[in-house]
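FYI, it's all coordinate maths here, none of it is from the lab. Everything quoted here is computed from the prediction, not taken from an experiment. Positions of Cβ are backbone-derived with ideal geometry, glycine not excepted, and every protein chain shown enters the neighbour counts.
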Amino acid sequence: MSIHLHFRAVAESEVRDDHTWLAAFMSEAWDNHPDEVAAGIAGSIDKVWNSVNDLYAVADDLDAHAHAHARADADKAWTLPIYGGRPVPHSADADPSDPPMMILEPPGVSRAADFLAAVSFDDLWKRAGAKLGGWDEAQARLEFLNHHRGLRGFYGRAASAGHAVVKVVWA
C-alpha cells in the first residue's frame, strides 16, 4: 500500500477554507504531481514522514547556542515542516472519505523555511539517525537527506513567494 504526505504551495488568496473545495484542489494537484514537483510548487514524502518529523524533533535538544536564532524566532519551529498548520474541518456536505487536510499560512511557511535553512542535517542525523533506520544506515541517511533537501527547497520557494502550504495524506 502506498501512502503519501502531499505538500502544495498556493497563494493564500487562492485557498478556500472549505474542506470539499480543498479536497478537489488537492486531488487535481495530486493528478499533476510530477509536473508540480518539477515546477517547485509541490512535494511529497512516501510513508516515512513521521520519521522525518522525528528527525526534526531532535532540534529541540541541540545545543541552544548553535540554534538560538531558530529556537527564539519560533515556538517549536521544527514542528512546522511536517505537521504544522491548522486543520481544515470537514463541512456537513463533505465526503467522509476525504482525507484530513491542513493549511500552513505564510508566516508559518516562512518559519518552516527559516528552520530548514538554519538546522544542520548532520547534527540532526548524529542524534537521531540510528533510531530512524532499521535498514542500511547509509541508505537511510541518503533518503532522509534527500527529504530534508527537498523540504528545504520547497519551503524556501514557498516562503519567497509568500505562499501558504496545503497538506494532505493520500492512501
Q. What Kirkwood radius, in Å to one decimal, follows from the Cα pairs of the chain?
A. 16.5 Å
Q.
Per residue of the stretch 10-19, what does 6.51 cos²θ - 1.76 cosθ + 1.60 with θ = phi - 60° give for ³J(HN,Hα)? Whole Hz please, x for Gly and Pro, Karplus curve as stated.
A. 7, 4, 4, 5, 8, 8, 9, 7, 9, 4
Q) Roughly how many Å is it from the Cα centre of the stretch 1-16 to that of the stretch 145-171, as a whole number? A) 9 Å
Q: Considering the options L62, H19, A29, tell which one lies farthest towards the positive end of the dipole of the stretch 5-65, charges being +1 on Lys and Arg and -1 on Asp and Glu at the Cβ, about the Cα centre.
A: A29
(Q) Can you compute the helix-only [θ] at 222 nm over the chain? Use -39500 (n - 2.57) per DSSP H run of at least 4 residues, normalise by all residues, nearest 500 deg cm²/dmol. (A) -16000 deg cm²/dmol
**Q.** Under the Karplus curve 6.51 cos²θ - 1.76 cosθ + 1.60, θ = phi - 60°, whole-Hz ³J(HN,Hα) for the stretch 137-147, x wherever Gly or Pro sits
**A.** 4, 5, 5, 4, 4, 4, 4, 5, 4, 5, 4
Q) Given Cα pairs under 8 Å that are at least 6 residues apart, what percent is the relative contact order of the chain? A) 38 percent
Q.
What aspartates and glutamates does K167 reach when the alpha-carbon gap must be under 16 Å and sequence neighbours fewer than 8 apart in one chain are set aside?
A. E12, E14, D17, D18, E28, D31, E36, D46, D98, E105
Q | Least to most buried among T79, T20 (fewest other Cβ within 10 Å first) | A | T20, T79
Q.
Please report the net charge: other residues with Cβ closer than 13 Å to the Cβ of P81, K and R +1, D and E -1.
A. +3
(Q) As a footprinting exposure proxy, order L62, L55 by other Cβ within 10 Å, with the fewest listed first. (A) L62, L55
Q) Which value, in debye to the nearest 20, describes the size of the charge dipole of the stretch 4-170 about its Cα centre when Lys and Arg Cβ atoms bear +1, Asp and Glu Cβ atoms bear -1, and nothing else is charged? A) 460 debye
